[in-house]
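Working notes for the structure below.
The values are calculated or read from the model by the stated rules, or taken from the named source; none is laboratory data. For clarity, every value in this text was computed on a predicted model and none was experimentally measured. FYI the Cβ positions are ideal-geometry reconstructions off the backbone, even for glycines, and counts take in every protein chain you see. Side chains included, ligands, DNA and RNA excluded: accessible areas come from the protein's heavy atoms. Shrake-Rupley method; radii C 1.70, N 1.55, O 1.52, S 1.80 Å.
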Amino acid sequence: MIALIDYDAGNIKSVEKALQLLGEEVVLTRDKETLMRADKVILPGVGNFGDCMQNLNRYELVPVIREIVAKGTPFLGICLGLQLLFERSEEAPGVEGLGILKGEIVRIPDKEGLKIPHMGWNSLHLQNNGRLFAGIDEQAYVYFVHSYYLKAEDPSIVKATTEYSTLIHASVEKDNVFACQFHPEKSSDVGLKILKNFADLGKEA
């Protein structure tokens, strides 16, 4: 079973639909016992960093997420879910992120001819053999919607980058923690393959 963390953030239903399309058993929940029991857990989300951290705290999900990660359950952050895994964001000065991974979230720099938020399809440069990208071609296109981007402290955890005004760390992986700035659930066949790779983790054992 794959559990999607329900903390009143946007875009959760489209992730649920994509996983159901892949034939996965999915539950949308904020119940601690259900989350701890899940084979895999996803933190999706679209919204404001500060508001969403407030929601995670309000629903007492922060210690639950840390416990899930600590016990080795495969964990995937999508879009804002990636950003929340890190220490802080310029979008919400003074608000602490989950701090599970080291790095910060900063605003995409203004550049003539480029709109912010960055909305649309961009190609990925793959590096460091990310398990989410098994069977995915170099320069495959995925769909982004964001105004802030990740600068990871440790370059070895970065598995995909893209260029939009600057170099953006588009996907990271460390041990059982995975995250994508882009939306795999909106990225056509490439995105479904990425979600399938996550869903299949551990099944080959």
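Tell me, yes or no, whether the range 47-66 has at least one residue that is open to solvent by 30 Å² or more (accessible area, probe 1.4 Å), under 19 Å from PRO155 (Cα atoms) and either touching a residue at least 40 places away in the same chain (Cβ under 8 Å) or under 18 Å from the mean Cα position of the chain (by Cα) (or both). No, there is no match, as no residue in the range 47-66 is open to solvent by 30 Å² or more (accessible area, probe 1.4 Å), under 19 Å from PRO155 (Cα atoms) and either touching a residue at least 40 places away in the same chain (Cβ under 8 Å) or under 18 Å from the mean Cα position of the chain (by Cα) (or both). The residue list VAL64, VAL69, VAL95, VAL26 contains one member that is of a type in the set (A, V, I, L, M, F, W, C), at pLDDT 95 or above and more than 20 Å from PHE178 (Cα to Cα), which is VAL95. Annotation: of all residues in the range 67-87 being buried (at least 19 other Cβ atoms within 10 Å of the Cβ) and among the small types (Gly, Ala, Ser), the one that is nearest to HIS146 (Cα to Cα) is GLY81. Within the range 97-116, the set of residues being over 29 Å from PRO74 (Cβ atoms), assigned to a loop (DSSP other than H, G, I, E, B) and open to solvent by 60 Å² or more (accessible area, probe 1.4 Å) comprises ASP110, LYS111, GLU112, GLY113, LEU114, LYS115. Of (1) more than 15 Å from the chain's Cα centre (by Cα); (2) at pLDDT 95 or above; (3) surrounded by fewer than 17 Cβ atoms within 10 Å (Cβ to Cβ); (4) small (Gly, Ala, Ser), ALA140 satisfies all except one. Which? It fails just one condition, (3).
Under the condition of being of a type in the set (D, E, K, R) and without any contact (Cβ under 8 Å) to a residue 60 or more places away in the chain, which residue from the range 27-46 is surrounded by the fewest Cβ atoms within 10 Å (Cβ to Cβ)? Per the stated criteria, the residue is GLU33. Residue count for the range 15-26 satisfying the condition of being in contact (Cβ under 8 Å) with a residue 60 or more places away in the chain and either surrounded by 14 or more Cβ atoms within 10 Å (Cβ to Cβ) or among the charged types (D, E, K, R) (or both): 6.
Here's the yes/no breakdown for (1) open to solvent by less than 10 Å² (accessible area, probe 1.4 Å); (2) of a type in the set (Phe, Trp, Tyr); (3) touching a Cys at 6+ places or on another chain (Cβ under 8 Å); (4) within 19 Å of ILE2 (Cβ to Cβ):
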site	(1), (2), (3), (4)
VAL158	yes, no, no, no
VAL172	yes, no, no, no
HIS183	yes, no, yes, yes
ASN197	no, no, no, yes
